[in-house]
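Read-outs throughout are calculated quantities, based only on the coordinates presented, and are distinct from any laboratory measurement. The structure displayed is predicted, hence computed values, not measured ones. Positions of Cβ are generated from backbone atoms using ideal geometry, with glycine treated the same way; all protein chains shown enter the neighbour counts.
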Amino acid sequence: MTGSRRNLLAAILLGLSLPASAAQGADSARAAILGSWQGTSTCVRPAAGPACKDEVVVYKFRPVHARTDQVTLDAFKQVGRKWELMGTMGFTLDPKSGHWTSAFTTRVHGLWTFAVRGPELTGTLVELPAGTVLRNVAAKRSGAPAGARDRD
């Protein structure tokens, strides 16, 4: 086999192995984020609006069964002694950064980004298109408190 044919064969074999490798990365990233996380969501720019308050939160990440690069988040905040569902959002894995992201538009256009580092979940909410950070999240893996249980 000539050198150029050998290089072509190697390139083809490498190309065939990339999707499996990417899928394994998505499986691993999804396994890392699934479950319950409890911590704080801190308002970075209170001047951005009077509704922005620091919160004690529980985030429940659930799988999207047909996709390893997507998860669903049920976000709860503590109000007095109860947990209130703030909403449910879908997140997609960015394979290059390993971060989970979700863009949305309500009264603002924003982007949530979460990253898992061992037992810690960190996140930010940025306003688009300016990229201004509005919130920082710091959470640790936990069991969900009563009132913030799994939604199946």
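Points to keep in mind about this one:
- Hypothetical label at residue 122: residues of region 82-98 whose amide nitrogen lies under 20 Å (7 Å Cα-Cβ projection): 92-98
- A straight chain from residue 79 to residue 56 at 0.36 nm per residue would run longer than the Cα-Cα distance by 7.4 nm.
- Computed magnitude of the charge dipole of region 56-103 (debye, nearest 20; Cβ of K, R +1, Cβ of D, E -1): 180
- Geometric extent, Cα atoms of region 36-110 - Rg, Dmax (angstrom): 13.9, 41
- If the segment from residue 28 to residue 108 were pulled out straight at 0.36 nm per residue, it would be longer than the present Cα-Cα gap by 25.6 nm.
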